[in-house]
Structures are given as structure tokens and as C-alpha cells.
1. Scan the range 165-174 and tell me whether some residue there is hydroxyl-bearing (Ser, Thr, Tyr) and more than 30 Å from GLN366 (Cβ to Cβ).
2. Mind counting the residues in the range 63-116 that are of a type in the set (Lys, Arg) and either within 28 Å of HIS207 (Cβ to Cβ) or open to solvent by less than 20 Å² (accessible area, probe 1.4 Å) (or both)?
3. So LEU216 ticks every box in (1) within 14 Å of GLY260 (Cα to Cα); (2) of a type outside the set (Ser, Thr, Tyr); (3) open to solvent by 40 Å² or more (accessible area, probe 1.4 Å); (4) touching a residue at least 60 places away in the same chain (Cβ under 8 Å) but one. Which box is left unticked?
4. If we keep just the residues of the range 284-328 that are more than 14 Å from ligand 1 (Cβ to nearest atom) and not in a helix (DSSP H, G or I), which is nearest to ARG223 (Cα to Cα)?
5. Inspect the range 53-72 for any residue being within 16 Å of the chain's Cα centre (by Cα) and within 13 Å of ligand 1 (Cβ to nearest atom) and give the result as yes or no.
6. Hey, could you check the range 48-62 for residues that are farther than 18 Å from GLY297 by Cβ and touching a residue at least 60 places away in the same chain (Cβ under 8 Å) and say which is most open to solvent (accessible area, probe 1.4 Å)?
7. Could you count how many residues in the range 33-47 are near ligand 1 (Cβ under 6 Å from one of its atoms) and either at pLDDT 95 or above or crowded, with 20+ Cβ neighbours inside 10 Å (or both)?
8. When you scan the range 96-119, do you find a residue that is more than 16 Å from ligand 2 (Cβ to nearest atom), within 30 Å of ALA212 (Cα to Cα) and over 21 Å from the mean Cα position of the chain (by Cα), even just one?
Amino acid sequence: MNRTRTQVGIVGAGPAGLTLAHLLHRDGIDSVVVEDKSREYVEARVRAGVIEQGIVDLLTEAGAGERLVREGLVHHGIELQFDGERHRIPLSELAGGRAIVIYGQTELVKDLIRLRLDAGQPLHFEAADVSVHDLETERPLVRYRYEGSDEELDCDVIAGCDGFHGICRPSIPAGVLSEFSREYPFGWLGILAAVAPSNDELVYAHHERGFALLSLRSRERSRLYLQCRPDEDLAKWPDDRIWEELQTRLGIPGWRLAEGAILEKGVTGMRSYVCEPMRYGHLFLTGDAAHIVPPTGAKGLNLALHDVEVLADALVEWFRSGTTIGLDQYSDTCLRRVWRAEHFSWWMTRMLHRADDEDSFDLKLQLSQLRYVTTSHAAATSLAENYVGLETV
Ligand code: FAD
Ligand code: PHB
């Protein structure tokens, strides 16, 4: 058994784990990142694409935003489509000048991995049988197998950044966490296509056949989604059927969606989930390990990075001065933002998706709500400030 001493053991090399490792390294705190997948897999996993201004600022100030600022596309508005018409929500005008940046999570992950490896800091991909132990003590452990050897990390704290299906949250004894969740009776079928986006801004479309979203990754790549069943069989969706359905749901008179080669496709189920507190002893949960939102509000990645910003500050303070105030407040501080994002994501999801059992009353409420947010300055401002990310919650 190889034993290594480190200050922070980080489980998971997604956006949360990699950003935390980077922020800590900038403040002279050492960590080891342990990831069970390969580097190629982690770098190719297509997920989120909308980054809030505040998160762009965090990454830039930490020296991790150079390519993000150079290649990310700044957007100042989004469009909501219903009854065959599009209505623009001028985000920046309504939310104090703040904007969003379109930059793929895959690209951010690649940037963070490169920074970590260039700094010569430990990042162990393809670690097997990862487990965490002695969480209630001052010396929690991470154990795993790596390149044929048994490894043990002797840590001051462990950061559980291993996503919703990771091992950290389930390692907390039963009865400690309170869990809150909601399942939705639908999912998203998402594609990445080699075609220039057909609209300058994102389009969230309400349609009688179900929700559709037009998004993008760059000037040459479109990212598009269709509401589907949570267990939708992709084999039933040849490329032609996907494009036809997108044309129907996103279509408006005088406009046609440009089609291209489909580079990637997948189905994502949708759920809302929060566990409280986001801490057990010397284990701190971050990002999807502690909470999930349906993607309609584009909040998942942003919340994960807000968590690690709070955790990094608290850890730096603790290692420097021994004060536990920040660590003790970690969970409550994060949960305030988490619940705001939970509500916003649920609200956007309910407003835009068609439920199988939807009766005409629900449909009338959705349309009324859509009309309200696209005509009332107050309602549009509320959507905008949540979408670009609230400064204080
Ligand atoms: P993750 O990105 O899940 O990273 C966790 C990491 O831990 C992964 O690398 C995983 O391999 C690793 N890991 C897991 N188990 C172990 C283990 N036992 N040992 C070691 N490592 C482990 N958000 C949006 O805003 N828009 C979207 O379109 C969108 N699409 C999504 C599609 C899918 C399929 C999923 C799952 C999420 C999507 N999200 C989306 C949400 C967003 O991508 C997440 O909120 C974000 O990835 C959270 O980052 P994270 O670092 O907390 O978790
Ligand atoms: C994306 O581009 O992947 C995306 C954009 C906005 C969302 C969800 C996903 O609300």
C-alpha cells in the first residue's frame, strides 16, 4: 500500500473537482485529484454550455479563463418561443449589464486539466475502487487502486466532487442527510451538429409536441435539444427524424433551421435533488454530488463552480489561521444559492415542457406565464437576473 499525505483529497475530475484543485493550488494548498474515468472520456463528455458572468470572472481571476475569454461567445439575450412567435428577453439590459458566455463544459474541463498537468500537480485518471473512510475524524482517507498499486491518501479534508452517481454522498451514514427531490416525466434528447447556429441567441421553444432548445457551442457547431421520454430509445431516432422534429418544434414562418452532420447524440433524464447539509465531518460535497437541477435553467455547471469558490475560500482561511467559521458556514452559504437555482430551474421547466397528463388548464397557465414574462418588465427582469446569476442570494 502506497501512502501519500495531502491537505485536500479531491474525488472527481469534473468541473467542480478540477476548479477546486486549481483554486487551492493558487493559494499554496496541495491536493490530489482522483478520477475513475480516463482523461479522454472526461474531455469528451458533452454537457453544459452556458456560463454565468460571475463564474467567468472567477475563472479569469484565477488564471483559468484565458481561452474561455478568447473563444467564448458573449450573449446578451435569449429568446422564448410560443404560439409560433419569438420574444426576446434582453438579459443584460434587465440584469445590470451582466451577460452569459457560451463555452462548452468539455472545453473548460480540457483547460483545467492542462493547467493542472502543466503545474506538475497530481491528477490520477482511471483510479479503480475509490472509497472514502474515517470521515468524522481529523484524518479522513481516500483509498483506490492506481496503475496496479493500492493507494491511500491521508488528508485533512476530502472534497466529494464526484457527481450525482459518485461514492462520496453514499458513504455518509444513513440518517445524517435530509434529501429533497422531484422526478420529471420527461428527458432531453440532445445533439451536437456540425452546422452554424441558425439563430444568434438561444431559443427556448414551447410547442404542443414538446419543448425544444436551440443552443450552440461555437460559430460552427449547433447544440439542439428535444423534450422526449426519460427512457427514450435513441435507436428510434435516426438523424432524419431528429431534424424533422426540430424543424417542427422550432419552426416559425420565414425561418428554417440549418441542418448538418450529427456528431453526438444522447438522452438525459431530468430531476431536481438536494441533500442537506452538504457536509459530514471532514467530507464536503460539491456540485452534482450534492444537488441536481433540470437543465432548463442552465444552472448545473454554474452551481458546481459557486460551491467550490465558497469551499476554496473557507479552506484557505482554515489552513492559514485555523478558523473554522467559513467551513462551518459552507453548507448554509451554498444551499441559499442552490435553492434559488432549484426554484428557477423547476419554474423554467414547468413553464416550457409538455407533460403527458397535461390538461388544458395547465397549458393555459403556461401560455399565460410565457405572455407575462415576455410583456411585463418586472417578470422579464426576474427571469433575467436568475438566468445570468444573482450576485447575492
Ligand atoms: P460531474 O461533471 O458529474 O463530475 C464528477 C466527476 O467525478 C466525473 O468526472 C466522474 O467521472 C467522477 N466520478 C464519479 N464517480 C467517481 C468515483 N467513484 N471515483 C472517482 N471519480 C468519480 N447542465 C447544464 O447547465 N446544461 C446541460 O446541457 C447539461 N447537460 C447535462 C447532461 C448530463 C448527462 C449530465 C449528467 C449533466 C448535465 N448538466 C447540464 C449538468 C452539468 O453538466 C453538471 O451540473 C456539472 O457537470 C457538474 O459538475 P460536477 O463537477 O459537480 O460533476
Ligand atoms: C446547452 O447549450 O447545452 C444548454 C443551453 C441552455 C440550457 C441547457 C443546455 O438551458
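1. yes
2. Total meeting the criteria: 3.
3. (3)
4. THR324
5. The answer is yes, given that some residue of the range 53-72 is within 16 Å of the chain's Cα centre (by Cα) and within 13 Å of ligand 1 (Cβ to nearest atom).
6. Among them, the one singled out is LEU58.
7. 5
8. The answer is yes; a qualifying residue exists.
The values are calculated or read from the model by the stated rules, or taken from the named source; none is laboratory data. The structure presented is a predicted model; accordingly, all values stated were derived computationally and were not measured. When we count neighbours, we look across all protein chains shown, and the Cβ atoms used for this are built from the backbone with ideal geometry, even at glycine. Ligands, DNA and RNA are excluded from the accessible area calculation, which covers all protein heavy atoms including side chains. Shrake-Rupley method; radii C 1.70, N 1.55, O 1.52, S 1.80 Å.
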